[in-house]
């Protein structure tokens, strides 16, 4: 088995940092919550709040009322 040179490890480390930075720059899914906005015809009305992690902090996005799922990478 051939041992990798230190230059190869530097290349892979830099590639990993770039990929992680790209994902966080676009927004990485950190969780979601359902909020009750009111009642319509006796039924509670919900909105989904998606929480995304960015390089400069976290941000919340509210999705449409009929959509209960948050994409893993911020659209």
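Is it fair to say residue 15 is assigned to a strand (DSSP E or B) and either modelled with pLDDT of 80 or more or exposed (fewer than 13 other Cβ atoms within 10 Å of the Cβ) (or both)?
Details: assigned to a strand (DSSP E or B): no; either modelled with pLDDT of 80 or more or exposed (fewer than 13 other Cβ atoms within 10 Å of the Cβ) (or both): yes.
No; evaluated as a whole, the condition is false for this residue.
Only residues that are outside any strand (DSSP E or B) and surrounded by fewer than 10 Cβ atoms within 10 Å (Cβ to Cβ): list them for the stretch 23-50, please.
Passing the criteria: 41, 42.
Which numbered condition in (1) at pLDDT 80 or above; (2) surrounded by 10 or more Cβ atoms within 10 Å (Cβ to Cβ) is the only one that residue 62 fails?
(1)
The values are calculated or read from the model by the stated rules, or taken from the named source; none is laboratory data. Just so you know, these numbers come straight off a predicted model, no measurement behind them. Positions of Cβ are generated from backbone atoms using ideal geometry, with glycine treated the same way; all protein chains shown enter the neighbour counts.
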